[in-house]
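First comes the structure, then the notes that go with it.
Read-outs throughout are calculated quantities, based only on the coordinates presented, and are distinct from any laboratory measurement. All figures in this text were calculated on a predicted structure; none of them were measured in a lab. Cβ: placed from backbone, ideal geometry, glycine included. Neighbour counts: every protein chain shown.
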Amino acid sequence: MDQSQAPILRALSRYQSDGQLSYTPPGHKQARGADPRVRAVLGDAAFAADVLAIGGLDDHQESRQVLVQAEELMAEAVHARLTFFSTCGSSLSVKAAMLSVAGPQEKLLIGRDAHKSVVAGLILSGVSPVWVEPQWDAERRLAHPPSQRAFEAAFAAHPEARGALVTSPTPYGACADLAGIAEVCHRRGRPLIVDEAWGAHLPFHPDLPTWAMDAGADVCVTSIHKMGSGLEQGSVFHLGGDLIDPAVLASRADLLGTTSPSVLIYTGLDG
Ligand SMILES: Cc1ncc(COP(=O)(O)O)c(C=O)c1O
């Protein structure tokens, strides 16, 4: 694919130069309906760029495939099988990933250094956590992600666990042995979820630690607004392998409130 393409920017630019206005939200109608004081601070460009993906950049059938093309470009750039975007932060994405692996009362192995959005996901879903202890670094006085051995032991004690979730990098910047943990999961036919909220930069430089997709993880969520340059709440799901059905992940994401029509259409075409 031609990685210099930017389908969303192109569609947005066309939308603006055609002088289009939709009958859908947002109600500010490209700044016209916004308070002048807000326009003075934010600038009209913020409103001009605030356009729905469907009924705006594209039609309701997504016949121009604007989002799909952008997601395919990103998937290729970072070696994922499938990528789709969310505007609800990794706080939502990680919950959708958890729900696509385990249901109420089912067990999920989770590194104890998980973000509070993971804990919220447990409370909302009723998924039962099996906590896996991080590694204490006494010299630096901080915790590193749990080891491969710790996940192996947790699976041995809870073989019915539906999969595992690890946070990598941690907010301190340390990365897990993702390939090792993925191998532990896959030996049992179970998926590995990686909360890679802080790892948007990892796929883009060879000297950085291996990131989730290259290490064989099944799904990872990445905050583009953290170590990437995206706007606030920009988050991405990446899928690898075939242990997680993209349609199931998309439906869980939809259920939680991030719309993902493109991936539903995409997987529909895929059969
Ligand atoms: C490890 C980890 N996971 C998930 C999140 C949630 O990410 P977001 O801010 O994109 O909702 C955070 C946020 O700081 C985080 O540190």
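Helix 7-17 versus the longest principal axis of the chain: what is the Cα-based angle in degrees, 0 to 90, to the nearest 10?
Roughly 20 degrees between the two axes.
Could you give the size of the charge dipole of the range 177-221 about its Cα centre, using +1 on the Cβ of each K and R and -1 on the Cβ of each D and E, expressed in debye and rounded to the nearest 20?
260
Order these by the 10 Å Cβ neighbour count, fewest first: Y23, Y172.
Going from least to most buried by this count: Y23, Y172.
Among the lysines, which fall within straight-line cross-link reach of K95, defined as a Cα-Cα distance under 27 Å, with same-chain neighbours fewer than 8 residues apart omitted?
Partners found: K107, K116, K226.
How much length is gained if the chain between H201 and A46 is pulled fully straight, taking 0.36 nm per residue apart and subtracting their Cα-Cα distance, in nm to one decimal?
Contour length minus Cα-Cα distance gives 53.3 nm.
Just order 236-245, 12-21 by mean Cβ neighbour count inside 10 Å, highest at the front, would you?
236-245, 12-21
How about the range 112-203: which GluC sites (Glu not before Pro) there lie in a loop by DSSP and see at most 16 other Cβ atoms within 10 Å?
On the way: sites: E139, E152, E160, E183, E196; in loops: E139, E160, E196.
Those that pass, being in a loop and sparsely packed, are E139, E160.
Going by alpha carbons, how many degrees (0 to 90, nearest 10) lie between the helix axis of 148-157 and the longest principal axis of the chain?
70
Give me log10 I(q)/I(0) at q = 0.12 Å⁻¹ for the range 128-271, Debye formula, one equal scatterer per alpha-carbon, no solvent.
With no solvent term, the Cα-only Debye profile gives -0.53.
Among DSSP bridges having both ends in the chain, what percentage is antiparallel? Round to the nearest 5.
Here the share of antiparallel DSSP bridges comes out near 45 percent.
Taking the chain as the reference, fit the longest principal axis to its C-alpha atoms, fit the long axis of helix 116-125 to the helix C-alpha atoms, and give the angle between the two in degrees, 0 to 90, nearest 10.
90
Nearest 20 debye, what's the magnitude of the dipole of the range 1-153 about its Cα centre given +1 on Lys and Arg Cβ and -1 on Asp and Glu Cβ?
440
Classify the chain as rounded, prolate or oblate from the Cα gyration tensor: take a ≥ b ≥ c as the square roots of its eigenvalues, call it rounded if a/c is under 1.5, otherwise prolate when a/b beats b/c and oblate if not.
prolate
Build a GNM of the chain with springs between Cα atoms under 10 Å: which of D254, D207, D113 gets the top mean-square fluctuation?
Of the options given, D207 has the highest mean-square fluctuation.
How would T167, T24, T222, T87 line up from fewest to most surrounding beta-carbon atoms within 10 angstrom?
Ascending Cβ contact count within 10 Å gives the list T24, T87, T167, T222.
Exposure proxy check: V132, V94 ranked by fewest other beta carbons within 10 Å?
V132, V94
Quick one: putting +1 on the C-beta of Lys and Arg, -1 on the C-beta of Asp and Glu, what dipole do you get for the chain around its Cα centre, in Debye to the nearest 20?
Computed charge dipole of the chain: roughly 640 debye.
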